[in-house]
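First the structure, in the form of structure tokens, and then the observations on it.
The values are calculated or read from the model by the stated rules, or taken from the named source; none is laboratory data. The shown structure was predicted, so the numbers you read here are calculated from the model rather than taken from an experiment. For neighbour counting, all protein chains shown are included, and Cβ atoms are generated from backbone atoms with ideal geometry for every residue, glycine included.
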Number of protein chains: 2
Amino acid sequence: MSGEARKPYDIDTLTDIALRVFAERGYDGASMDDVARAAGITKASIYHHVSGKEALLDRGLTRALDALFAILDEPQSLEGSALSRLRHITGRVAEITLLMLPELTVLVRVSGSSKSERAALERRRSFDRTFSELIAEAQRSGAVRTDLDARLIARLIFGMSNSVVEWYRHGSSIAEGAVVRAVVAIGFDGIVRPQ
Amino acid sequence: MSGEARKPYDIDTLTDIALRVFAERGYDGASMDDVARAAGITKASIYHHVSGKEALLDRGLTRALDALFAILDEPQSLEGSALSRLRHITGRVAEITLLMLPELTVLVRVSGSSKSERAALERRRSFDRTFSELIAEAQRSGAVRTDLDARLIARLIFGMSNSVVEWYRHGSSIAEGAVVRAVVAIGFDGIVRPQ
């Protein structure tokens, strides 16, 4: 391909492109031909950088999970009341979801049909477990209602946050900050106006 | 196939089987061979009942959307305050999601790549619009907080409810009623315990 010399792709740029293709067509539905077409290079050139489709997925999932786990090391995730730590983590998860939309789209839709996907699901479950343990701590401290199961709360709040990958598009009329604020506001305070 | 005479499938049973296959493998990833295998009959026998894969999907999407729209005609969706109608509709949407898990799974994941899918997306959008108009009404009446956009609230509450298709399995340790209660409780009242 004559134009190829003008496009010196590195593995990170190729991963960016592959993730957009996976997010659009679904990982199972996307082929390396699709990725090559989106990158404007030959399939052979891609295989020069990466062993295959699963390796590209694996890089995307690792990016997403590394970003999520990094949240847990932030000072506001470690200091303060369980409730304020929960609010911080929830807001940051929503932020990361919007900031890394292709990565998180692929993570949210992971089916577990390959080794990379199963490993990602395991890491994701461990993240969710940390979050639901913090909810349980906040329940014991009296800050969070105790009539709902902590794991169920974790699933539904992350379910709400994950759902933005299905409809949020950059440049939409709803600002990213408004989405993040709404996820935290609904999850923690609900929509009913206090009387 | 010798056993076929013992399995007199009708179109509704075939739709049930196809929806389970679509929910497991994804609609795009599932073939009519997969459906035939799951049904234990030949592909030719399926084509005796139905024109193809899209017709099966279309029947499933129609089931899901008919069930959702039927909620809007229930007395508790039509009478009472906007807030109580919203609570009722939200709880019933969650109930229908659990009751018709394969149908709703397929609806939630619809990509819009076929005519049936685009028609389903249009009906779903119309349902969401009705819900967000009711949220706006509840905001005007002072019952729902006005610092969040009504459409954004609708998307996030339904996003939370839709997310159950990704993790809920019948026979799980969490009862269906608890999930429905939690969706309504979190969406409307939040998880923070009133002081």
inquiry  = Consider segment A:132-155. How many of its residues are facing another protein chain (nearest Cβ under 8 Å), in contact (Cβ under 8 Å) with a residue 12 or more places away in the chain and not charged (D, E, K, R)?
reply    = 4
query = Quick one: is A:Leu19 at pLDDT 95 or above, among the aliphatic types (A, V, I, L, M), not assigned by TED's automatic domain parsing to the domain that holds A:Arg85 and not in a loop (DSSP other than H, G, I, E, B)?
reply = yes
inquiry  = I need every pair where a residue in segment B:164-185 that is under 14 Å from A:Leu148 (Cβ atoms) has its Cβ under 8 Å from the Cβ of a residue that is aromatic (Phe, Trp, Tyr), sequence separation at least 6 or different chains.
reply    = B:Ile174/B:Tyr168; B:Val179/B:Tyr168
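Conditions (1) surrounded by 19 or more Cβ atoms within 10 Å (Cβ to Cβ); (2) not β-branched (Val, Ile, Thr), marked per residue:
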| position | (1), (2) |
| --- | --- |
| B:Leu56 | yes, yes |
| B:Arg59 | yes, yes |
| B:Leu68 | yes, yes |
| B:Pro75 | no, yes |
| B:Leu83 | yes, yes |
| B:Thr90 | yes, no |
| B:Ala119 | no, yes |
request  = Restricting attention to segment A:95-107, report how many residues are farther than 13 Å from A:Trp167 by Cα and in contact with an Asp or Glu (Cβ under 9 Å, 6 or more places away or on another chain).
outcome  = 3
request  = Looking only at segment A:99-115, count how many residues are part of a helix (DSSP H, G or I) and surrounded by fewer than 20 Cβ atoms within 10 Å (Cβ to Cβ).
outcome  = 3
inquiry  = Checking B:Ser84 against (1) more than 17 Å from B:Thr62 (Cβ to Cβ); (2) in a helix (DSSP H, G or I); (3) among the small types (Gly, Ala, Ser); (4) in contact (Cβ under 8 Å) with a residue 12 or more places away in the chain: exactly one of these is not met. Which one?
reply    = (4)
inquiry  = On the basis of being assigned to a helix (DSSP H, G or I), in the same structural domain as A:Thr130 (by TED's automatic domain parsing), under 30 Å from A:Val144 (Cα atoms) and without any contact (Cβ under 8 Å) to a residue 40 or more places away in the chain, does A:Ile89 make the cut?
reply    = no
query = In segment A:178-193, is there at least one residue being more than 7 Å from chain B (Cβ to nearest Cβ) and loosely packed, with under 15 Cβ neighbours inside 10 Å?
reply = no
inquiry  = Looking at segment B:66-94 only, could you name the residues that are of a type in the set (Val, Ile, Thr) and in contact with a Lys or Arg (Cβ under 7 Å, 6 or more places away or on another chain)?
reply    = B:Ile71
key: Selection status of A:Val165, more than 8 Å from chain B (Cβ to nearest Cβ), over 15 Å from A:Ile89 (Cβ atoms), part of a helix (DSSP H, G or I) and within 17 Å of the chain's Cα centre (by Cα)   = yes
key: Residues of segment A:186-195 that turn out to be free of Cβ contacts under 8 Å to residues at least 24 places away in the same chain and assigned to a helix (DSSP H, G or I), as a count   = 1
ask   = Take the residues of segment A:22-47 that are within 14 Å of chain B (Cβ to nearest Cβ) and in a helix (DSSP H, G or I): which is surrounded by the most Cβ atoms within 10 Å (Cβ to Cβ)?
value = A:Phe22
